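What follows is a set of notes on a single structure, which appears directly below.
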Amino acid sequence: MAKELSSAVKQALNDIYYNISAQRGAQGLALLEKASAAGDGDASCILARCLCGKQYVWAGHGFPEDDDRATMLLHKSVEQGSALGVLICMRTEELTPELLQKMPYSSLQEAFDTVLAIAEGGDGFCQYVIGNTYFWWDFISIQGKEASSFPTPEGFRQYLIENISKCESWFQKAFHNGMYAAGDNLYQYYTKGDDDLIAPQPAKADALWKIGAELGYPLHQHFYADDLLDAGKTAEALQWYKIGAQNGQPECWYHLGKLYEEGTGVPKDISYAVQCYEKALSPANCTSHRANAAKYLGALYYEGNGVTQDYQKAFSLLMECHNLNSDAFTRRLLGKCYYYGRGTYQDFQQARSLLEPLTTAEAETFYILGTIYCQGLGTAENIAKGVEYLKKATNFPAASEELRKYKKTLFGRWVRR
């Protein structure tokens, strides 16, 4: 690793991290691929991080996840002379004794100092990596220290406190120089502290998402909007959800859809809510928000609310939610789809398996279960059990009609009339 990053790596960092809202992640990734193939170890290292999922790179880029290739690239980066690769391999426990011998540095301290020099020059990614060496206690291995290196336990304790606390200033620098992830680590540092060494500082955490939002980080625009909505500041939340959505944060599209569907803080607009939910179905969205978008959009198509009723679309969306993060609402609608054959084949067993476990149900659900048992649809006939369900659904007209088909004998047995 040279004393500065190559022009290709600098541009890639700008595209992938420092200027996320420009949505040039694909161009940045292509630059890294080319530079890595040409022998740039720093490019190999950063490319590896891009393949490790949304914990390490903004999900909105839509980069593929490939842990095996990422590991190979990290090892390659060390062999290509990247000090960044050395520190990140150490952080991910990939710096094996064999790989350690292949690095072109006399020690971990030399690799650290190489990255430190670039961090001091203002590069956000390197500042973030330096911050992590303190945050995750990697400095102990880098400096070759251990408890026995100190005359007293208190001396070792003070050494830890002094070094761990250095992460704060490095994360702050990185946060303001394009690394939203540094803000995430700062939030953890402020809210949780570090064992009994660093006390939590929750007051400092309160402002982080607002700062990140104003710095242009889509993920933090989402977090800040959530905080505003929880505080009852709906108009401000709506503004930030819109900014985050336009900048590519799919969770924001889900929240916009919900606000417009319910008419919360804005005039109700189902057509626009549908558009928002569709955009929230992006694979880059977190599982819960994507599932909810599929659920509410599926319900709109099922009911024909603001859209042309389409049971096939409804069933497909509800199944997507069911597979991602199912809940009672989704199971209830899917059960009805299977019972009536709406958007799918009629399957009474599936309907019963979805509806019967529900701890809360409405009249139509009781009607369906009652009919299934009374008529023996996909299960053994059990009129007594079916009648109990039908009695709970007397305000559902079809249930009353079905109930009239059965009577109780003098011996207390339910039979057909």
When the chain is treated as a Gaussian network with springs between alpha carbons less than 10 Å apart, the largest mean-square fluctuation among Leu186, Leu160, Leu300 is found at Leu160
Given chymotrypsin sites (Phe, Trp or Tyr not before Pro), DSSP loops and at most 11 other Cβ atoms within 10 Å, the longest exposed-site-free stretch of the chain is 1-344
Of Arg404, Arg342, Arg157, the most mobile residue in a GNM of the chain (C-alpha springs, cutoff 10 Å) is Arg404
For region 1-158, shape from the Cα gyration tensor axes a ≥ b ≥ c, cut at a/c of 1.5 then a/b versus b/c, turns out prolate
Under the Karplus relation with 6.51, -1.76 and 1.60 and θ = phi - 60°, whole-Hz ³J(HN,Hα) for region 87-101, x at Gly and Pro, equal 5, 6, 4, 5, 4, 9, 6, 9, 7, 6, x, 5, 5, 4, 6
Residue-normalised 222 nm signal for the chain, counting each DSSP H run of n ≥ 4 as -39,500 (n - 2.57), nearest 500 deg cm²/dmol, is -19000 deg cm²/dmol
Dividing the mean separation of Cα pairs under 8 Å (6+ apart) by the residue count of the chain yields a relative contact order in percent of 7 percent
Sequence order, region 245-261: Karplus ³J(HN,Hα) from phi using 6.51 cos²θ - 1.76 cosθ + 1.60, θ = phi - 60°, Hz rounded, Gly and Pro as x, gives 5, 5, 8, x, 8, x, 4, 5, 5, 4, 4, 4, x, 5, 5, 6, 5
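On the protein heavy atoms, probe 1.4 angstrom, tell me the percent of accessible surface of region 270-347 carried by carbon and sulfur.
Details: 1450 of 3320 Å².
Solvent-exposed carbon and sulfur of region 270-347 make up 44 percent of the total.
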Any residue on another chain or 5+ positions along whose placed amide H is under 5 Å from the amide H of Leu95 is listed here as Met90
Taking only C-alpha positions in the chain, Rg and Dmax in angstrom work out to 28.8, 96
Here the residues of region 21-52 lying in the modelled label zone of Ala117, meaning backbone nitrogen under 17 Å from a point 7 Å along Cα-to-Cβ, are 41-42
A student applying the Cα gyration tensor rule (rounded when a/c is under 1.5; otherwise prolate if a/b is larger than b/c, oblate if not) would label region 198-263 prolate
For Lys173, counting only aspartates and glutamates whose alpha-carbon sits under 15 Å away and dropping same-chain residues fewer than eight positions off, the answer is Glu120, Asp123, Asp184
If one builds a Gaussian network model of the chain from Cα atoms under 10 Å apart, the most fluctuating residue listed among Asn19, Asn247, Asn323 is Asn323
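Just the accessible area per residue of region 208-347, please: how many Å² with a 1.4 Å probe?
Heavy-atom SASA per residue in region 208-347 reads 42 Å².
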Karplus-derived 3J(HN,Hα) from phi for region 317-331 (6.51 cos²θ - 1.76 cosθ + 1.60, θ = phi - 60°), whole Hz, x at Gly and Pro, runs 5, 5, 5, 4, 5, 4, 6, 8, 6, 5, 9, 4, 4, 5, 4
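Rounded, prolate or oblate, given the Cα gyration tensor of region 271-324, with a/c below 1.5 counting as rounded? If you can, show how the numbers build up before the last one.
On the way: a/c = 2.56, a/b = 1.39, b/c = 1.83.
It is oblate, given that a/c is not under 1.5 and a/b is not larger than b/c.
The values are calculated or read from the model by the stated rules, or taken from the named source; none is laboratory data. Because the structure is a prediction, the values reported are computed rather than measured. Every residue, glycine among them, receives a Cβ derived from its backbone with ideal geometry; neighbour counts consider all protein chains shown. Quick note on the areas: whole protein, heavy atoms, side chains included, nothing else; ligands and nucleic acids left out. Shrake-Rupley method; radii C 1.70, N 1.55, O 1.52, S 1.80 Å.
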